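Bear in mind these aren't lab numbers, they're just calculated from the coordinates by the rules spelled out. These numbers come from a predicted model, not from an experiment. Heads up, the Cβs are rebuilt from the backbone with ideal geometry, glycines too, and the neighbour counts pull from every protein chain shown.
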Amino acid sequence: MAAVDIATIEAPSGSPLARIATELRNDMIFDFQGGSGGNDSTHQLRIQMSASNQQIIVDITTARADVQQFGINASYTLVEKATASR
C-alpha cells in the first residue's frame, strides 16, 4: 500500500466537505505510507465525495433546525499509473 498515491479530493473551497476531504486524504497518506512519504508510486487512488444534509426537526417559532442528519458518500477508483488501467 506504500506505493499508492492518494490524489487530492475535490471539494468546494471553504466548505465543511473540503475540511473532511483534507483530513481523510492526510489520514490515508499516513496509514498507507506510515508518515514517511516520498515513495515511488505505482498506483493512484482517486476519491470522489458528496454530502447530504437533511433537517429532520425544525423549530416552528424560529424556523431553525433542531435536529439535522449529515451524510457523506464516497466512491473511489484505483488506477495503475503505468497503463492507466483501473
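One entry in (1) 36; (2) 40; (3) 49 is percent of Cα pairs over 20 Å apart calculated from the shown coordinates; its label is (3).
About the Cα centre of the chain, how large is the charge dipole given +1 on each Lys and Arg Cβ and -1 on each Asp and Glu Cβ? Please answer in debye to the nearest 20. Don't skip to the end; give the middle numbers.
On the way: 6 positive and 9 negative charges, 36 e Å.
With Lys and Arg at +1 and Asp and Glu at -1, about 180 debye.
The mean sequence distance of close C-alpha pairs (under 8 Å, at least 6 residues apart), as a share of the length of the chain, puts its relative contact order at 29 percent.
Close amide H pairs (under 5 Å, H built 1.01 Å from N) link residue 6 with 45, residues at least 5 positions away or on another chain.
Positive-end ranking of 11, 84, 45 along the dipole of the chain, with charges on Cβ about the Cα centre, is headed by 84. Once the stretch 27-71 is represented by equal point scatterers at the alpha-carbon sites, with solvent omitted, what log10 I(q)/I(0) does the Debye formula produce at q = 0.21, 0.23, 0.28 Å⁻¹? Taken in order of the listed q values, log10 I(q)/I(0) reads -0.78, -0.85, -1.01. Treating the angle as unsigned and between 0 and 90°, give the value, to the nearest 10°, between the Cα long axis of helix 16-33 and the longest Cα principal axis of the chain. Helix 16-33 and the main axis of the chain meet at about 30 degrees.
For the stretch 1-18, the residues whose backbone nitrogen is under 16 Å from a point 7 Å from the Cα of residue 25, taken along Cα to Cβ, are 4-18.
Simple spin-label estimate for residue 42 and residue 78 gives 1.1 nm between the two label positions (7 Å along the Cα-to-Cβ direction from each Cα). Between residue 86 and residue 8, the C-beta separation translates, for a Förster distance of 25 Å, into a calculated FRET efficiency of about 0.85.
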